[in-house]
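**Q** Quick one: this structure, given as structure tokens, is what I'll be asking you about.
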Amino acid sequence: MRDRLYELGCSRMDLGECPKIHDLALRADFELASKTKDYFYDIDATEHLEAFIADCDRRTTAAKQRLAETQEELSAEVTEKANAVHELAEQIGQKLARAEALGEEGMVEESVKLMGEIDELRKKKGAAEQEYRNSMPASSYQQQKLRVCEVCSAYLGIHDNDRRLADHFGGKLHLGFITIREKLAELKKTVDKRREERGASERERGGGRRHYVGGRELDRRARRHRETARDRDRDRAKDTERDRAKETDRERERGKERERDRDRERERERRRSRSRSRSKREGSRERSRGRDRDRERDSRRSRSHRSSSRDRRRE
């Protein structure tokens, strides 16, 4: 039972982590202790499941009321035809989910047999959809007509395909509620007798301190646990967001520092380039001045030689 109840985990009905300790050794101790003393935990389980199912039924009633207020009201004849389509679609979804489960378990023949039944239901559904389509305007037919699942309070659409319905009827939420309702029906058969036995046991002990915790107290504890878990999750999310923001700031600052380093390196490179260019220009000017001096020297020598030659000719 406990394993099937945990099928509700990670769904929209997830109650969070159970506040109780689940340990096989403790379970064995309890089973051994129950042989000598009756703890009436089945009564607590009944009260807890009754509160859980009552909450689901309230949601179902509220969802139906919302649909009645928001969806276009249909005539009695059209409503009957729409319900026929819904019922056939639900049968197809349930059988398809069952056929897939049988296939996974290796029961191929049973799965194939169910697929044959599904094909027949699909034909009936096609005929029912045609009747429903012909009974109303095309614009109204295109609008999604919803109904509420009586087991788990989920919404089902008249235009949902077989895959969507199979996922619903074979999903954790729906199967978990089926298990809960079946177990609750089983416990209710004996709960009145068990309450009488518990009252007699209390009277025999002289009205001593009660050793059990009722279903309402369990609900209160579960709510406190869920609120604590939500607060813890919110704090953890805030810490994570804060750490992420700090890391982002640090990364941004590191990026700015790297950019500043690149700027400084580019500035040093520009300075070195200017220095090399200046050195080249100065070297070029020096070489040019050297060439000018050489030319001037050669020119003086040439003039002096010509002057000496003239003087010798005069003599």
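**Q** Go through (1) at pLDDT 85 or above; (2) in a loop (DSSP other than H, G, I, E, B); (3) farther than 22 Å from Leu175 by Cβ and name the single condition Thr36 misses.
**A** Only one criterion is unmet by Thr36, namely (1).
**Q** While we're here: Which residue pairs have Cβ atoms closer than 8 Å, lie 6 or more positions apart in sequence or on different chains, and pair a first residue in segment 233-244 that is farther than 17 Å from Glu17 by Cβ with a second residue that is open to solvent by 100 Å² or more (accessible area, probe 1.4 Å)?
**A** none
**Q** Continuing with this model, one more query. Hey, can you tell me all the residues within segment 61-82 that are polar (S, T, N, Q) and touching a residue at least 40 places away in the same chain (Cβ under 8 Å)?
**A** Gln71, the sole residue that qualifies.
**Q** List, please: which pairs have Cβ atoms under 7 Å, are six or more places apart or on different chains, and start with a residue in segment 178-205 that is aliphatic (A, V, I, L, M) and end with one that is not in a helix (DSSP H, G or I)?
**A** Short answer, once both residue conditions are applied: Ile178/Val151.
**Q** What's the number of the condition Ala245 fails, among (1) at pLDDT below 75; (2) over 28 Å from Asp44 (Cα atoms); (3) open to solvent by less than 70 Å² (accessible area, probe 1.4 Å)?
**A** Just one mismatch for Ala245, condition (1).
**Q** Could you check segment 84-114 and list, in sequence order, the residues that are within 23 Å of Ala127 (Cβ to Cβ), among the β-branched types (Val, Ile, Thr) and in contact with a Leu (Cβ under 9 Å, 6 or more places away or on another chain)?
**A** Scanning segment 84-114 gives a single hit, Ile92.
**Q** Suppose we keep only residues that are touching a residue at least 24 places away in the same chain (Cβ under 8 Å) and within 19 Å of Gly170 (Cα to Cα) within segment 104-126. Which one would you say is least open to solvent (accessible area, probe 1.4 Å)?
**A** Out of the qualifying residues, it is Ile118.
**Q** Return yes or no: is Ala229 modelled with pLDDT of 70 or more, surrounded by 12 or more Cβ atoms within 10 Å (Cβ to Cβ) and among the aliphatic types (A, V, I, L, M)?
**A** yes
**Q** Scan segment 65-120 for residues that are over 30 Å from the mean Cα position of the chain (by Cα) and part of a loop (DSSP other than H, G, I, E, B) and report the count.
**A** Matching residues across segment 65-120 total 6.
**Q** Let me ask another. How many residues, within segment 60-99, are open to solvent by less than 70 Å² (accessible area, probe 1.4 Å) and of a type in the set (Asp, Glu)?
**A** 1
**Q** Separate question: Within segment 84-103, how many residues are within 16 Å of Leu156 (Cβ to Cβ) and either of a type in the set (Asp, Glu) or in contact (Cβ under 8 Å) with a residue 60 or more places away in the chain (or both)?
**A** The number of residues fulfilling the criteria is 10.
The values are calculated or read from the model by the stated rules, or taken from the named source; none is laboratory data. Values in this document were obtained by computation on a predicted structure and should not be read as measured data. Heads up, the Cβs are rebuilt from the backbone with ideal geometry, glycines too, and the neighbour counts pull from every protein chain shown. Ligands, DNA and RNA are stripped out before the accessible areas are found, and what is left, the full protein with its side chains, is counted by its heavy atoms. Shrake-Rupley method; radii C 1.70, N 1.55, O 1.52, S 1.80 Å.
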